[in-house]
Every structure is written in structure tokens, then in C-alpha cells.
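Presented below is the structure to which this report refers.
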Amino acid sequence: MERYILTIDSGTSNTRAVLWDLDRHVVDMEKSGVGVRCTAADGHNGRLKEAVRGCLEELLRRNAASWEQVERVMASGMITADVGLVEVPHVTAPAGLEELSASLAPVLVPDVCPLPIHFIPGVKNRVSGVSLETFEAMDIMRGEEVEACALIDRLGVRGEAVLVLPGSHTKFVCVGADGRITGCLTTITGELLASIMHDTIIADSVKRTFVEADTYRREMVLRGYRAAREVGLSRACFSGRILNQFAVKDHTLIANFILGAALQNDLYALRHSTAIACGPDARVIVAGKSPFREAFADLMEREGCWRSVRSYEPEGGAPLSALGAYLLAEASLAKEAGKKGK
Ligand SMILES: O=C(O)C(=O)C[C@@H](O)[C@H](O)CO
């Protein structure tokens with residue numbers, strides 16, 4: 001009888017579940033447009049519970065599988081936040097697969113799943129006593145730590161490295177010599193960009209359209225980046241309107257300009273924040289979706305402040321978050337088997 005692992009990743013806007021066999025192959029995936037944002041809006045997590053249960057049950061149904069065949073159910077992301085299913089405290093960096101697997105929180109949520117869900121904690125920076133003087137060094141993540149673990153495993157990352165993980169929140173995750181996460185830095189650029197593109201006067205100049213992989217224009221991204229470096233993000237955004245009215249009619253080019261301006265803000269944070277320290281010897285690995293991946297890689301290469309810059313393109317199969325959760329399931333199952341063997 002085939003055995004399976006189920007991984008769940010619930011973020012701010014979406015929930016993704018993956019059914020795996022025990023040989024690290026993705027059998028099937030299911031997605032829902034419900035995330036913890038719904039909990040914040042509704043004041044309860046009813047929709048999130050329903051979405052997670054729906055995804056898991058659909059995966060089993062579609063693959064004629066039963067709960068008896070499931071070895072482990074893992075969950076990562078904002079599902080472990082106060083607006084998720086079960087709140088789990090962050091683990092303090094440095095942390096890698098070992099620390100995270102030691103801190104898994106198996107919890108039975110009967111109206112979601114008949115097996116305990118192993119909730120994976122997020123990671124926070126090591127800052128003792130966050131105060132008005134020290135807050136800038138503190139940072140937290142939930143979900144990106146499993147993506148980071150997957151990338152570190154896939155690429156064998158050892159030595160000083162920065163992983164760039166764009167999304168609703170951009171995460172810069174630092175990796176130390178032993179391949180563990182040493183800290184992170186977050187910006188809300190994805191959310192900010194969505195607001196600029198939809199809710200400001202710039203919406204008209206970009207026709208409410210984001211840059212896509214096939215409309216990515218490096219030259220305009222670089223121009224937006226340079227404008228923001230000179231005069232700041234807000235002024236650079238308004239320059240998008242000026243350009244559109246007087247010089248550049250194509251709204252996709254203006255969207256590229258705004259993208260470059262927004263990412264300049266992220267790279268400024270990377271160089272100036274005290275949340276992580278990454279020097280000129282750091283290798284940069286950019287993951288995430290196109291065109292953010294291309295844009296970060298192009299801009300960081302252009303800045304020339306790091307030892308090397310490479311992009312990681314996902315290989316078919318599963319998202320990095322699901323792979324990281326799978327690796328943690330493997331680690332915890334191996335630990336359990338070891339204990340039983342003793
Ligand atoms: O840990 C938390 O509570 C967060 O708010 C972190 C957030 O930025 C997530 O990492 C987004 O995926």
C-alpha cells in the first residue's frame with residue numbers, strides 16, 4: 001500500500017497543499033484562495049479551517065488514498081500565527097532543519113484533519129530585549145524558513161549567503177558557515193507595490209497591471225531603480241505618471257519603472273538595516289517568482305556589492321515551501337524511528 005506525506009503552506013492570501021510519496025515525488029497539489037487575511041477580516045478562522053480541510057480531502061479523494069496511508073501532515077507559514085490555525089512561537093536563529101524539527105508542534109485539530117498536524121515554527125532574529133533602541137535589528141518570518149531550508153538543501157549552501165525570497169513580503173534570509181539560517185530581514189514591498197498599482201494615481205499610468213515574465217523590461221527596471229535611489233520611492237512613483245503623460249505611452253514600461261523603484265527600497269534596506277549583516281563576501285541566491293527573480297538578480301548584479309549573484313529557478317515539481325516541509329517531515333520521522341529502534 002502506497003504511503004504518503006501531506007504538506008500545507010498557508011500564507012496571507014493562499015493555501016497550498018501537496019501530496020507526496022515517500023520518495024520525495026510530488027503526487028498531486030491543491031490550492032485555495034483563502035489565507036490568514038480572511039481570519040483577520042472575519043475575526044475567526046472558519047474559512048481557513050474549511051480551506052485546509054478541503055485541500056487535504058480533495059488530494060486524498062483525487063488519488064484514491066485514505067488517511068491510514070498518510071505518515072505525516074506538516075504545516076508551515078502564517079497558519080502558525082495568531083491569525084492562523086494554531087499559534088506556535090518562533091524559534092530563535094541560528095536555526096536549520098535540526099532546530100526546526102526539534103520544535104515542531106503536533107496538534108490535533110479535529111475539524112480540519114483526523115491526524116495531528118505538525119506545525120512548523122517560524123524563525124526570529126536573536127535580539128535580547130526588543131526596545132525602541134533595538135527594534136530595527138529584530139525580524140520574524142513564518143513560512144520562508146522552510147523555503148530557505150529547501151534552498152540550502154538543494155544548492156548545498158554553506159558559507160555566508162543571502163537568500164532573496166520575494167513575495168507579499170520580501171525576505172532576505174542570511175545563511176551562516178554551517179548552513180543554518182542566522183537571521184532575516186523583511187519588507188512589505190509586495191503589498192506596497194499592489195497598493196501603488198491599484199490604489200494610487202499611478203494605477204492609471206500602469207492600467208492596474210503588474211509586470212509579468214513576458215513584459216519584463218530590464219532597462220526600465222534599472223531606470224526606476226536609479227530614480228528611487230536619487231529622489232526616493234514616492235517621487236520616483238510620481239515620475240512614472242510624468243513619464244506616461246509626456247514620454248512613455250506604454251503602460252507596461254511604466255510598470256517596470258515602478259517595479260525597479262520599489263525594489264530599490266528593498267536593496268536600500270538590505271544595505272542599511274541592522275536586522276542582518278551581509279558583507280561583500282556573501283553569495284546571493286535569488287528565488288521566487290518571475291519577474292521579481294529577474295529584477296532582483298539584475299539589480300543586485302548591477303549594484304556589484306556581493307561576491308556573486310545567481311537565480312534559482314524552481315525545477316517543475318513542488319514549491320520550495322512544500323519541499324522544506326517535506327524535509328522536516330523526513331527528519332522528524334527519522335528521529336521517531338531512531339527512538340523506537342533504541
Ligand atoms: O512571523 C510573523 O508573524 C510574520 O508576520 C512574518 C510574515 O512576514 C511572514 O513571514 C510572511 O510570510
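Quick note: the coordinates plus some simple rules give every number you see, no bench work behind them. None of these values were measured; they are calculated from a predicted model. Neighbour counts run over all protein chains shown; Cβ positions are idealised from the backbone, glycine included.
Worth a mention:
- Peptides ranked, highest mean first, by Cβ atoms within 10 Å: ranges 277-283, 228-234: 228-234, 277-283
- Alpha carbon convex hull of region 186-311, projected area averaged over orientations, nm²: 7.2
- Considering every alpha-carbon pair of region 83-189, the percent of pairs per 10 Å bin, from zero through the bin containing the longest distance, is 15, 42, 32, 11, 1.
- In the chain, helices alone account for a calculated mean residue ellipticity at 222 nm of -13000 deg cm²/dmol, with every DSSP H run of four or more residues adding -39,500 (n - 2.57).
- Selected from THR92, THR274, THR134 as most flexible by GNM, with the chain as the system and alpha-carbon contacts under 10 Å: THR134
- Mean-position separation - Cα centroids, region 283-342 and region 161-205, in angstrom: 15
- Relative contact order of the chain: 16 percent, from C-alpha pairs under 8 Å at least 6 residues apart in sequence.
- Radius 11 Å from Cβ of ARG293, net charge of other residues (Lys, Arg +1; Asp, Glu -1): -1
- Note on the chain: dipole from Cβ charges, positive end direction compared against ASN63, MET78, GLY224; the farthest Cα belongs to GLY224.
- Candidate lysines for bridging to LYS31, where Cα separation is under 29 Å - those fewer than 8 sequence places away on the same chain excluded: LYS49, LYS124, LYS171, LYS207, LYS289
- What you get for region 186-311, charging only the Cβ of Lys and Arg (+1) and of Asp and Glu (-1), is a dipole of about 180 debye around the Cα centre.
- Among SER32, THR252, LEU115 - extreme Cα towards positive end, dipole of the chain, charges at beta-carbon: THR252
- Counting every alpha-carbon pair across the chain, the share separated by more than 37 Å comes to 21%.
- Residue ranges 249-258, 202-211, 178-187 sort as 249-258, 178-187, 202-211 when ordered by packing (mean number of other C-beta atoms within 10 Å per residue, highest first).
- Spin-label model, LYS207 to ARG226: label points 7 Å out along the Cα-to-beta-carbon direction sit 2.6 nm apart.
- In Å, descending, principal axis extents of the Cα set of region 25-145: 55, 35, 23
- Cβ-defined net charge surrounding TRP306, 11 Å radius [Lys, Arg +1; Asp, Glu -1]: 0
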